[in-house]
Each structure stands twice: as structure tokens, then as C-alpha cells.
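Below: one structure, written as C-alpha cells.
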Amino acid sequence: MEAVEYFEVECPEKAGGEYYSRIADVVLLDHNLIRVIQKLHIFIDPRVPLFIATGITRKLPGTVKVRDFSDVNRKERKVTISIGDEAYLAPLLRILWEKFGKERVEQPDRFTIMLDIGDDESEGLEEIPVFDPSESIYKDLIYALQVIQPEGFKVRRQYYGNGRFYLVASEDTLPEDIEDMVREKFSLMGERL
Amino acid sequence: MILVPVTYKGGIYRHDEIIDLIEDLGGYIIQKHIIAQEVVLQALVPKEDIDLIRKVGKPLTGEITPSPLVGTEIAVVTMSLEIHHLPHASCDVAEYIRRFGAKTNMVGLARGFGKRIAQLNDEERDVINEHDLAVYLLGDFETCIEQKFPVLRRGIDVPIVLCGGPPVEALRAIIDPPVDGYVGGVGRFMHRTKEAEEISRLDDVVAEVTRVLDRKREEMAKDPLSISPARLMDIISEKIDDIHEVLSPTPITVQMTGLRVKLPYDAYASRLRATVVDEGVTIGDLAEVLPSRMRDYILVRIKPFSETNMMV
């Protein structure tokens, strides 16, 4: 966990806390998330029982737009999009179908999309946002935290956004002052929720 | 004649000679694996003939090693089959015990996770009780183990070896009444055991299992079984032809006090009971033939000498 600026596991049982810091390390490494996290504080109290994970993410890559992965050529009513990175093809097609209708979107091969649209419609085509990586990263992050948490903690609350995320979980109903506890854990890292 | 559990590893070429030799000496082949060009035999052989087998096997690049767990069936009880416990921890332990000759079955509890909500249902209880020993793999926290273990052991009457994250002394202190064996430092972990220190902890599990089973063997020696399970296995595979059609790796699984025969109970139980072992003695006289909770298999429990007054 050298890449992470702040990493702490807080637990009343010393041995258990050490095991969990290893578990967190391995899981985040396996899910390729170490680079994403800047600070992480995990609190486990098996007596309550309660699991709280709070953290800050690094600056995430921005939204991918059409011009980032393809070229757009206009020739009268024929607009040809040549795809460079196939990974974004599926979300792009979905957006185009919705916008222009399937009958005007033609795909002769894997790397080409042909549109039958006028100038006014093709304006700003390059700027269409196709994919937001931060959303999937947050989903992965919450999934990884669910893997780290002790199993059987079925009552959960999670939050992400604005560079911050947290997951609280327990076997029983969550305590009413859970938000205050989360805020307290953020302040331990020198941050605010 | 004392039979010792061993594993023989050697080339596939002329391995049938070794099998014939073991059988001629009065030993039993419990399991035979063929892996590419190699044969692995798990067998019970007479103690005084080990050197002879070693000598015969030497030109065939055969190696013979003691395997204390051959002829036992062990349940590895894991709290769930979720990603939290699989594949590491559960599979690593189950696989490692298997290397010492035991047949391990993994029992993943339906509701074993959690502290307050952990449960053990009747089917799981009965399946665990069909084994010679149960290895319980619990988590990293003392508080949780202390609270949930009494629920998970309810109704289990086979010896239990408890593995958990806290050190052995801590485990001993929180479990009441005590179980038969404890191994510390084997709790929940998410990585493969490949470092020397981690492997040595798996060795501890095997050592503890062996110790507990040795004690069980000693106790059984005071009132021995009416027939040895390995011999009964031989008789069944000789007299009931349909067992050779079964595709499981071990159609007949040898346990310390009996056998698991992987044939449907309804169709074969009465035939099995009537099978003649020796002049005038049938399997029904020497053993109970029961339906197993595992699929529709048959469980054969051999009665001790004190019940049957017969020794075959």
C-alpha cells in the first residue's frame, strides 16, 4: 500500500486488524484500485458489529468524448466516423441510435459508422460525451469494499461522489448516529465529508 | 499384520506390477490416480513389506512415502462459498490436507456467515457427521468466533479441528467446552498461500488433524471393528459389479469406521446387506447399511467387535 498516502485499519482486536489490513491491500491490488485511492481509513468493531470504510480518490480521468477515440469526416449528407478504440464503440452506437434513429446509422464494419444526417445535425458531433470512467471506478471501488468487509454484514449504506466515498455495513440495523461516525473517520484523515 | 498408510508415486510403465505386489502382500489400494505419465497410489500396506515395495519400485522410478491420512474422509467446513472465503483459505486447506492422502469434502454452509445470524441446518449437520473429522475454518475476530461457534458445533459428534485467525492460546481460551484440535493464524485471507511461513501454517493444520485422528485410532483399537474398511471395500468391488460403472474418482470412499458407497440406496441397499463376506457372514451382520445425506449414496458403518462378536 505504498502508493496510498494514508492507510489505516482501526480495530479493537490487534490481530484481527492486522489481518484486515492485509486483506484490504490484496483486494485493492487485485481489483487494480490502488492507483485510484489517495486515502483510506477502515474501522471494524466486531463487538457491535460495525464496518466503516472511508476514503478519498485521486483525480480521476475525465469524460471520454467522440473526438478522443475517433475521426469524423463530413461529405455533404454523409458523415463517416472512423473508430480508433473499439472499447467505446458500443456506448457510442447506443447514443447515436437514440439521437438519429437506427435507420440513419449504418455500420459497414467494426471500425466505421456512417450517418445520413445534415450539417445542422452533425454540428458538435465530436463533443458528445460517450463514457464516464469515474462512474465505473466508483462502482468497482464499492464492490471491492464489499469484498473486504466481513461477510454477513447485509445492512449497508454507501456513498460516492465529489472525490469521496464511504461504505458502512453491519449485521444489525445501523446506529442512528452513523453519519457522525463517518464524519469523525474523515476528520481522522484530515478531510471533511 | 499391521497395515500402514502410504502413497506410491511412480511411472505408469509396469505400475500394475506394484498393484499386484501390494495386493499379494495383503495390502489394499484405496485410490489410484493416473496423471499424464505418472501414477499415484494411495494404499494400506503391511509395515514389514514397505522396504520390499520400495525395492521393487526403484527400477520403475517409484517412490514410497508415509501418508498418515490415507483411508480417512474429512469435512472442511467453510462459512460460505462466497468470494470472501473462496478460493483461498478454504480451497488451500482442503487441497493441502488431500496431499497427505485424506479424501476431503468441502461443506459450504448456507448461512454460516455473520456473528449473530450464523446457523447450521440439519442437512449440514448430518453431512458433517458422516465424516471422520471436521475442520472448521473460521474468521479473524475472537469476538465473532466466541459467539458463533457454539451454534455451528451443535449436534456435531465427530472430532473438530478449529482453525481461526487469533493465536492458538486465544482460541483455547474462548472455546468452551474444548474441541479436539486448534490451529491459530489460519483465518480469513484473500491471497494464495505460497510463502514458506504460510505453508508451515498449513502443515500445522495437517499435524493437528493427524494428531486428533491418531488419538481416535487409539481409542478404536480398544474395541476394534469387525472388519477393516479397506477389506470391505475390496469385497464390495469384487462382488457388486455395478460399482465399476460409477464415474466418481472414488466409487467407494474409505473412512476410518466405514465406507461411503456411491450407488443409489433404494436400488442397492438390500443387495449390499446380503453380500457374503465370509462363510455364512454377510455385510448386514457386520455393519449398518444406511442412506447417506450426501446425494442418494449408501453409508456403511462397521460395527465394533463388542457388538457383533465376530472378527473377519
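No value in this document is a laboratory result; all are computed from the given coordinates. Predicted model, so just to flag it, every value in this text is computed and none were measured. Every residue, glycine as well, gets a Cβ built from its backbone with ideal geometry; the counts of neighbours run over all protein chains shown.
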Note the per residue figure in Å³ for the convex hull of the C-alpha positions in chain B. 148 Å³
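At 4 °C and a viscosity of 1.567 mPa s, what translational diffusion coefficient does Stokes-Einstein give for the protein assembly as shown, taking Rh as the Kirkwood radius over Cα pairs? Give it in µm²/s as a whole number.
Numbers: Rh = 27.4 Å.
Roughly 47 µm²/s, to the nearest whole number.
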Largest to smallest principal axis extent of the C-alpha atoms in segment B:121-279, angstrom: 56, 34, 30
Loop only per DSSP, at most 14 neighbouring Cβ atoms within 10 Å: give me the trypsin sites (Lys or Arg not before Pro) in segment A:141-193, ordered by residue number. A:Lys154, A:Arg192
Fewest to most Cβ atoms within 10 Å: B:Tyr136, A:Tyr160 sort as A:Tyr160, B:Tyr136
Can you work out the Karplus-derived ³J(HN,Hα) for every residue in segment B:225-232? Use 6.51 cos²θ - 1.76 cosθ + 1.60 with θ = phi - 60°, whole Hz, and x for glycine or proline. 6, 5, 8, 6, x, 5, 5, 5
Which lysines have a Cα lying under 17 Å from the Cα of A:Lys185, excluding residues fewer than 8 positions away in the same chain? A:Lys39
With the 8 Å Cα cutoff and a minimum separation of six or more residues, chain A has a relative contact order in percent of 23 percent
What is the Cα radius of gyration of segment A:64-131 over 2.2 N^0.38 Å, N being its residue count? 0.97
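Only helical DSSP H runs with n ≥ 4 go in: add -39500 (n - 2.57) per run for chain B, normalise by residue count and round the 222 nm mean residue ellipticity to 500 deg cm²/dmol.
-10000 deg cm²/dmol
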Whole-Å semi-axes of chain A's equivalent ellipsoid, largest first, each the root of 5 times a Cα gyration tensor eigenvalue? 46, 16, 14
Unit charges on C-beta of K, R, D, E only; dipole of chain B, Debye: 580 debye
Roughly how far apart, in whole Å, are the Cα centres of segment B:98-156 and segment B:237-312? 27 Å
Counting other Cβ atoms within 10 Å of each Cβ, which GluC sites (Glu not before Pro) in segment B:218-295 have at most 10 and sit in a DSSP loop? B:Glu279
Just how far, in whole angstrom, is segment B:1-21 from segment A:1-65 if you go by their alpha carbon centroids? 52 Å
Counting only residues 5 or more places away or on other chains, whose amide H sits under 5 Å from the amide H of B:Tyr182 once H atoms are built in the peptide plane? B:Leu162
For segment A:1-45 the GluC sites (Glu not before Pro) that pass both the DSSP coil test and the at-most-15 other-Cβ-within-10 Å test are A:Glu2, A:Glu5
Eligible lysines near B:Lys55 by straight Cα distance, threshold 18 Å, same-chain separation 8 or greater: B:Lys9, B:Lys47
Mind listing the phi-derived Karplus ³J(HN,Hα) values for segment B:296-305, rounded to whole Hz, using 6.51, -1.76 and 1.60 with θ = phi - 60°, and x for any glycine or proline? 10, 6, 10, 10, 10, 10, 7, 7, x, 4
Phi to ³J(HN,Hα) by Karplus 6.51 cos²θ - 1.76 cosθ + 1.60 over segment B:111-123, Hz, x for Gly, Pro: 9, x, 7, x, 9, 7, 8, 5, 9, 10, 8, 5, 5
Using 19 Å as the cut-off for backbone N distance, which residues of segment B:256-282 belong to the label zone defined by a point 7 Å from the Cα of B:Lys32 along Cα→Cβ? B:262
Lys/Arg +1, Asp/Glu -1 at C-beta; the protein assembly as shown dipole; positive extreme among B:Ser248, A:Ile42, B:Ala102: A:Ile42
Cα convex hull of segment B:229-308: mean projected area in nm², to one decimal? 5.1 nm²
What are the radius of gyration and Dmax of segment B:3-66, computed over its Cα atoms and given in Å? 10.2, 31
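Can you give the Rg to Rh ratio of segment A:122-161, both from alpha-carbon atoms, with Rh computed by the Kirkwood formula?
Using Cα coordinates only, the ratio equals 1.28.
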Return the whole-Å distance between the Cα centroid of segment A:76-110 and the Cα centroid of segment B:160-216. 59 Å
Of B:Asn309, B:Met79, B:Ile117, which is farthest towards the positive pole of chain B's charge dipole, taken about the Cα centre with +1 and -1 on the beta-carbons of Lys, Arg and Asp, Glu respectively? B:Ile117
